[in-house]
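Chemist: The following block contains the structure, expressed as structure tokens.
The values are calculated or read from the model by the stated rules, or taken from the named source; none is laboratory data. Note that the coordinates shown come from a computational prediction; the quantities given were computed from them, not determined experimentally. Note: ideal-geometry Cβ built from the backbone for every residue, glycine included; neighbour counts use all protein chains shown. Ligands, DNA and RNA are stripped out before the accessible areas are found, and what is left, the full protein with its side chains, is counted by its heavy atoms. Shrake-Rupley method; radii C 1.70, N 1.55, O 1.52, S 1.80 Å.
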Amino acid sequence: MSGQTERGMEGTMAAAQELAVREKKELATREEKTAPGRYYVPYTDIFETDAALTVVMEIPGVDKKDVGVSLENDVLRVEAQIDYSKYEGMEPVYTEYNVGPYMRTFALSSKIDQPQISAQLEDGVLTLTLPKVKEAKPRRIAIG
């Protein structure tokens, strides 16, 4: 019985050692990044068809002139700024969304036809269409 207890304790000690604090390491990935300052991450849905990915992002209260969509080093970046002058003197009784600047980034694969990306803003909803490159689209292969 004591042999099992000793092995059980060794397993517990090993598990405790694995949970020890590790030194922080910088990641070298192209995934979503954060930016200094306070930004809200807009609610986002992504849909896929054979031809494209569609990104639907909620940015309520933002005018078209205050939205920036950029692409650099395979990273798609969306920034949007609220015009606070619309809310001057108003004290909300109830709110369901945060008022402030929005920011979100997405790492793109080589399967996206980057020059063909388009964006539309309507009623506080930003829709990005990311067409797939021809090679990434499914196709039927004829049997000879």
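Chemist: State whether the residues of the stretch 70-85 include one that is without any contact (Cβ under 8 Å) to a residue 12 or more places away in the chain, open to solvent by less than 90 Å² (accessible area, probe 1.4 Å) and either more than 16 Å from Y39 (Cα to Cα) or part of a loop (DSSP other than H, G, I, E, B) (or both).
Modeler: Scanning the stretch 70-85, I find at least one residue that is without any contact (Cβ under 8 Å) to a residue 12 or more places away in the chain, open to solvent by less than 90 Å² (accessible area, probe 1.4 Å) and either more than 16 Å from Y39 (Cα to Cα) or part of a loop (DSSP other than H, G, I, E, B) (or both), so the answer is yes.
Chemist: (1) part of a loop (DSSP other than H, G, I, E, B); (2) modelled with pLDDT under 90: which one isn't true of V62, the others all being true?
Modeler: With (1) part of a loop (DSSP other than H, G, I, E, B); (2) modelled with pLDDT under 90 applied to V62, the lone miss is (2).
Chemist: Can you confirm whether G89 is surrounded by 14 or more Cβ atoms within 10 Å (Cβ to Cβ), assigned to a loop (DSSP other than H, G, I, E, B) and not aliphatic (A, V, I, L, M)?
Modeler: no
Chemist: So which of T95, T129, T54 ends up being among the polar types (S, T, N, Q) and either out of contact with any strand residue (DSSP E or B) (no Cβ under 8 Å at 6 or more places or on another chain) or assigned to a loop (DSSP other than H, G, I, E, B) (or both)?
Modeler: Unique residue meeting the criteria: T95.
Chemist: Return the total of residues in the stretch 44-86 being farther than 18 Å from D123 by Cβ and of a type in the set (S, T, Y).
Modeler: 4
Chemist: Take Q114 and decide whether it is closer than 15 Å to V55 by Cα, open to solvent by 90 Å² or more (accessible area, probe 1.4 Å) and either polar (S, T, N, Q) or out of contact with any strand residue (DSSP E or B) (no Cβ under 7 Å at 6 or more places or on another chain) (or both).
Modeler: When the stated conditions are applied, Q114 does not pass them.
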